[in-house]
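Enquirer: Sending over a structure as structure tokens; questions will come in a sec.
The values are calculated or read from the model by the stated rules, or taken from the named source; none is laboratory data. Predicted model, so just to flag it, every value in this text is computed and none were measured. Neighbour counts run over all protein chains shown; Cβ positions are idealised from the backbone, glycine included. These area figures cover heavy atoms from the full protein model, side chains too; ligands, DNA and RNA do not enter into them. Shrake-Rupley method; radii C 1.70, N 1.55, O 1.52, S 1.80 Å.
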Amino acid sequence: MNVIQVENLTKDYGYNRGVFNISFFVKKGETYGFLGPNGAGKSTAIRHLIGFSKPDYGKTSINKFESFAHYNEILEYVGYIPGEISLPQGLTGYEFIEMMKKLRKVKDDTLINHLTERFELDPAGDTKRMSFGNKRKLAIVVAFMHDPDVLILDEPTSGLDPVMQEIFIDYIKEEKKRGKTILLSTHIFSEAEALCDRLSIIKNGHIVDEFPLSKLKYADDKVYKVSLENEAEASSLKDLISHSDYATCSKQEKESLYVHVNDKDINLLLKSLSNFNVTNFSHEKLTLEEYFMKYYIDDIEFKGVSHV
Ligand SMILES: Nc1ncnc2c1ncn2[C@@H]1O[C@H](COP(=O)(O)OP(=O)(O)O)[C@@H](O)[C@H]1O
Ligand SMILES: [Mg+2]
């Protein structure tokens, strides 16, 4: 069953800004990642899904409730961490938690206390004067206080220190095990790799690819580490490969080269290697970052990736 459904969502802010004809769904119990740099359109899509904005075209729903028309119902069973946190003025953290508790009809404090402790939130003091990290922690506690079935997390760890990021990721892993449906927007590859079952890559308001994370293990584009007898031989192989049209070389480490090749061209690579003294040939796992970069560099065939 699809819990989250986005069909042809379009919001045009002009000057090629916004989101254009975006479609995706998230099944019950699935964690879906939205991967893209700043300005790609992640928050715009999420704000429509939550029901904050009306689409120019297309529709979005959660649990079959059309978002814009059912904003109140959606907030009842969704835990939402906004990308930009704005808190009401003149309240302490304690008062804000109390306010949200009433709004969400939360009866007891067990989960709130657990979350406050786990995320080391200090709810004392005016929310406006809180540090960026503490504001984020407050948003986390408030988003999860009613134990919602659907979590919508818009770059949830931005502003958290690395230890707290780990604590957050562990919490989401537990929520995943409990069967929650999760949409996570992020530009942090390790976060997406740790949590997501499926992902889409968003660029300039368009979804340019969608795939299960497991695809990276089995992708047709592969990276091999090829070691030769000495550095000079490696340099001459590098030269040969950089003039070929079937493979590219992203990095040389002394006598070793990192060679990118598609499965369909593997024989061409092997033939050219037969003229060299290869001492080792091993498959390197393609990381999500490397996969992502092919959409974000001008030369689409990995030629610009120099940091394997
Ligand atoms: N309310 C708005 N009015 C005009 N432009 C907007 C508005 N909201 C977002 N944008 C623009 O739309 C693009 C996508 O923004 P956003 O969805 O916030 O990206 P992301 O969350 O991926 O960083 C950006 O160019 C941004 O400046
Ligand atoms: Mg954003």
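Enquirer: Looking at K203 and the list (1) loosely packed, with under 15 Cβ neighbours inside 10 Å; (2) in contact with a Phe, Trp or Tyr (Cβ under 7 Å, 6 or more places away or on another chain), which single condition is not satisfied?
Expert: Status for K203: all satisfied but (1).
Enquirer: Which one of these does I266 not meet: (1) open to solvent by 30 Å² or more (accessible area, probe 1.4 Å); (2) β-branched (V, I, T); (3) under 30 Å from R47 (Cβ atoms)?
Expert: Here I266 meets the rest and fails (3).
Enquirer: Just to be sure before I move on: is T44 open to solvent by less than 20 Å² (accessible area, probe 1.4 Å), within 16 Å of ligand 2 (Cβ to nearest atom) and within 15 Å of S23 (Cα to Cα) in the structure I sent? Steps first, answer last, please.
Expert: Working: open to solvent by less than 20 Å² (accessible area, probe 1.4 Å): yes; within 16 Å of ligand 2 (Cβ to nearest atom): yes; within 15 Å of S23 (Cα to Cα): yes.
Against the criterion (open to solvent by less than 20 Å² (accessible area, probe 1.4 Å), within 16 Å of ligand 2 (Cβ to nearest atom) and within 15 Å of S23 (Cα to Cα)), T44 qualifies.
Enquirer: Identify the residue in the range 129-162 that is of a type in the set (G, A, S) and part of a loop (DSSP other than H, G, I, E, B) and, among all such residues, is farthest from ligand 2 (Cβ to nearest atom).
Expert: Our first condition is that a residue be of a type in the set (G, A, S); within the range 129-162, this holds for 131, 133, 139, 143, 158-159.
Among the residues that remain, those that are also part of a loop (DSSP other than H, G, I, E, B) are: 131, 158-159.
Values: S131: 20, S158: 9, G159: 13 Å.
Checked the range 129-162; the qualifying residue farthest from ligand 2 (Cβ to nearest atom) is S131.
Enquirer: Continuing with the same structure: For residues in the range 1-21 being surrounded by 18 or more Cβ atoms within 10 Å (Cβ to Cβ) and within 30 Å of S214 (Cβ to Cβ), which is farthest from ligand 1 (Cβ to nearest atom)?
Expert: Quick first cut of the range 1-21, residues surrounded by 18 or more Cβ atoms within 10 Å (Cβ to Cβ) only: 3-6, 9, 11, 18-20.
Remaining after also requiring within 30 Å of S214 (Cβ to Cβ): 3-6, 9, 19-20.
Values: V3: 21, I4: 17, Q5: 19, V6: 14, L9: 12, V19: 7, F20: 11 Å.
Filtering first and then ranking leaves V3.
Enquirer: Go through the range 109-128 and give me each residue that's in a loop (DSSP other than H, G, I, E, B) and surrounded by 16 or more Cβ atoms within 10 Å (Cβ to Cβ).
Expert: F119, L121, P123
Enquirer: Related question: Mind counting the residues in the range 40-59 that are without any contact (Cβ under 8 Å) to a residue 24 or more places away in the chain and more than 25 Å from E175 (Cβ to Cβ)?
Expert: 1
Enquirer: With the requirement that a residue be without any contact (Cβ under 8 Å) to a residue 40 or more places away in the chain and in contact with a His (Cβ under 8 Å, 6 or more places away or on another chain), what does the range 60-82 give you?
Expert: Passing the criteria: S67, F68.
Enquirer: Moving to a separate point now. Filtering the range 22-55 down to residues that are of a type in the set (D, E, K, R) and near ligand 1 (Cβ under 10 Å from one of its atoms), which residue is nearest to Y77 (Cα to Cα)? Before you say what the answer is, go through the steps one by one.
Expert: Residues of the range 22-55 of a type in the set (D, E, K, R): 27-28, 30, 42, 47, 54.
Checking which are near ligand 1 (Cβ under 10 Å from one of its atoms) leaves us with 42, 47.
Details: K42: 21, R47: 16 Å.
By that ranking, first place goes to R47.
Enquirer: Which residues, counting only those in the range 54-105, are surrounded by 15 or more Cβ atoms within 10 Å (Cβ to Cβ) and within 16 Å of ligand 2 (Cβ to nearest atom)?
Expert: Selection gives Y80, I81, P82, G83, I85.
Enquirer: May I ask you to list the residues in the range 171-186 that are away from ligand 2 (no atom under 16 Å from the Cβ) and closer than 21 Å to L49 by Cα? Talk me through it step by step, then tell me what you get.
Expert: First, pick out the residues of the range 171-186 that are away from ligand 2 (no atom under 16 Å from the Cβ): 171-182.
I172, E175, K176, G179, K180, T181, I182 - these are the residues of the range 171-186 that are away from ligand 2 (no atom under 16 Å from the Cβ) and closer than 21 Å to L49 by Cα.
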